[in-house]
Every structure is written in structure tokens, then in C-alpha cells.
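Asker: To start, I am sharing the structure in question, which I have written as C-alpha cells.
Nothing in this text is a laboratory measurement; each read-out follows from the coordinates by a stated rule. Just so it is clear, the structure is predicted and the values come from calculations on it, not from any experiment. Ideal geometry is used to build each Cβ from the backbone, glycine not excepted, and the neighbour counts take in all protein chains shown.
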Amino acid sequence: MAIRTAEDYYQQLVALLPPGPAWDVELVPEVRQLLQAGSLELAREDLRLSDLLAESDPELVRELVPDWERVMKLPDACLGENPAFEDRQLAVRRRLVEVGSQKRAYLIEIAVSQGYPNASITEHRAPRMGRSRFGVARFGTWNVQFMWVLNTGGRHRSGRRFGVSFWGERFGKNPGNTIECLIRKAAPAHTVVHINYD
């Protein structure tokens, strides 16, 4: 969407004036002042309309985050008492576009969105006839057939490290409560999740 300037609107208003000496901007300077004032307001409204259009996109939402949260019953309890604004934006985006899944890729995507780009999942196997081999390490027992481990890898989250953090944000500490809550909420109900922070 092209944003028109005050000059664009002024030219458009001059072109829309009816013919005659009463509306001639050269003969009646008050008309020029009136049109300039109107064009400033129209340009301001055009800019705000562009902002509103951007707010409807979940990737660009900033001003309407509280309204989106009210409609979507956010902020999520997993984010804690006072979540950071970027976490609230991310929660709005996820709630709008997320479909959900029980696949490994979806669970890894949750970890990546929380700032763990090297996340991986280790699934344990129970002994089964035809798949089992003697002497294979990390084979598993019947007790671990529904257990899996999320290996987080190192945390790299922009906005919470020296040089790029904002005033008032938590610095130097990355609690794992959020990722644990989100992963446990999204994990298949019959499984037991362990999180390995590297």
C-alpha cells in the first residue's frame, strides 16, 4: 500500500475544487490554508491506516498485542507473570498461525522459537523382537518405551545478551520454565518428556 504525503493530498484536493473564482487558490489564499491543513490530516490518517494494516499481520503486530491477547486468551501461563514484550508478540503469532503436531519437527520448532537453535530429540526404544540386537548400547527397557529427551543445545536468543538487550529486561539468566511448559503442553499425552540442557 502506497502512503500518500501531505503534498499528494494537497494536489488532489486542489484538483477536486469546483471551478470558479470563489475557489481559486491564487485569488483566495484562505482556501490554500484550508486545503493544506486538510491535507496534513489526511496524510496522518493515511499513515495510521498503513499502521493498522500492518497490525493485522501477525509478523508485524506491535500496538495491538494487548487486543490480540484479550481475544486469544493470552498471555499463556507458560510465559510466567511478566513476560517480555517480544515473547508476547511471539505467543500471538504462534496462536494465529500454529497448527500443532505430534511430530519431532514440531517440537523442535517450539524449542527453536524459544531460542534453542540446536535442539534435537532423542527417542528411547523398548526391546522388540526383530529390532533388538545383543550388545547394542542405549537399547532401552520396557520402562522407557514412551520416554524421549529434548536436547536443547546452547541458547542463542537475541535481545537478552550484552550489547542487544533492552533496558529493564532480564540479563544473564535464561530460565527454562517457559520451554519446559510449552514442550510438556505440546507433547503427546502418553509420553514422558525429559529436557537436557546442554
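Asker: Local charge sum around ARG32 (other residues, Cβ-Cβ under 12 Å, Lys/Arg +1, Asp/Glu -1)?
Answerer: -3
Asker: A further question follows. Regarding the range 5-62, what's the average projected area of the Cα-atom convex hull, expressed in nm²?
Answerer: 4.4 nm²
Asker: Then there is this: In the neighborhood of ALA77, defined by Cβ-to-Cβ distances under 15 Å, what is the net charge if each Lys or Arg adds +1 and each Asp or Glu adds -1?
Answerer: +1
Asker: What does the charge add up to near ALA2, with Lys and Arg as +1, Asp and Glu as -1, over the other residues with Cβ less than 13 Å from its Cβ?
Answerer: Counting the neighbours of ALA2, the net charge comes to -1.
Asker: While we're here: Which ³J(HN,Hα) values in Hz, rounded to whole numbers, follow from the phi angles of the range 185-198 under the Karplus curve 6.51 cos²θ - 1.76 cosθ + 1.60, where θ = phi - 60° and Gly and Pro get x?
Answerer: 5, 8, 5, x, 5, 8, 9, 10, 9, 10, 10, 9, 7, 7
Asker: Return the FRET efficiency for the residue pair SER101, SER50: r is the Cβ-Cβ distance, R0 is 30 Å, and the value is rounded to the nearest 0.05.
Answerer: Step by step, r from the Cβ atoms, then E = 0.30.
Asker: Separate question: Could you list which residues have their amide H under 5 Å from that of ILE195, counting only those 5 or more apart in sequence or on another chain, with H placed in the peptide plane?
Answerer: So ILE195 has HN proximity to LEU150.
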